Amino acid sequence: MNNSRIATRYAVSLLRLATERGLEQRIYQDMVSLSSAVTGSKDLERLFRSPLIKPDLKIQIVNKIFSSTFDGLTLGFLNLAIRKHRESEMGGMAKAYVRLFENQKGVVRVEIQTASPLDESNRSQLESNLTKAFGQGAAFEYQLNPELLGGYVLQSGDLRVDASIASELQQIRRQFSDNPYLSKI
């Protein structure tokens, strides 16, 4: 079984249990925090991936790190995943939960890459236009990518709009390389 299926199965189970207990929003916040913690901390990622650290010690470390901020259901879920030797998939489980929760609530995640930070008026205008296109449940995530040179790249699910200068230059480069007036030998 591939890793994304494992992560999704665990996330589905957690979402069902959280929904039964009325804690899905609280667990969502925990999973957003866990996902960013795993992504942002190489030490935490190494802890989850290391076969040398015993599960009991991993559980102690996780409880010490997250017990003050995470709900008991989240901590129980993390402990279960560690006992079942699925801790290497913790980041994937957190991301899968966030995706499932947002789908359940009708939230559409829109990722926007720009070459430089947008000022507040451009950001609000862009968000207003995209909210009209995607509906009320749009959540925006901004990333800086200086390689774009200018413009933006918008990604939402399978939809990708590349309006960057780098993309335009690439298209021009391709057009010049496919010159029909040069004889091909």
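Nothing in this text is a laboratory measurement; each read-out follows from the coordinates by a stated rule. In this text, all values refer to a predicted model and were calculated from it rather than measured experimentally. As a convention, Cβ positions derive from the backbone with ideal geometry for all residues, glycine included, and neighbour counts pool all protein chains shown.
Here are some notes:
- P(r) weight above 15 Å for region 106-177, C-alpha pairs, percent: 57
- Backbone amide hydrogens, once placed in the peptide plane, bring Arg109 within less than 5 Å of Ala139, excluding anything fewer than 5 places away on its chain.
- Think of it as helices only: each DSSP H run of n ≥ 4 in the chain is worth -39500 (n - 2.57), and spread over all residues that comes to -19500 deg cm²/dmol at 222 nm.
- Between Phe176 and Lys64, residue separation times 0.36 nm minus the direct Cα-Cα distance comes to 34.3 nm.
- Only one item in (i) 64; (ii) 60; (iii) 68 matches percent of Cα pairs over 20 Å apart derived from the coordinates shown, and that item is (i).
- Within the chain, DSSP assigns beta bridges of which about 60% are antiparallel (rounded to the nearest 5).
- Trypsin sites (Lys or Arg not before Pro) restricted to DSSP loop in region 1-95 with at most 14 other C-beta within 10 Å: Lys84
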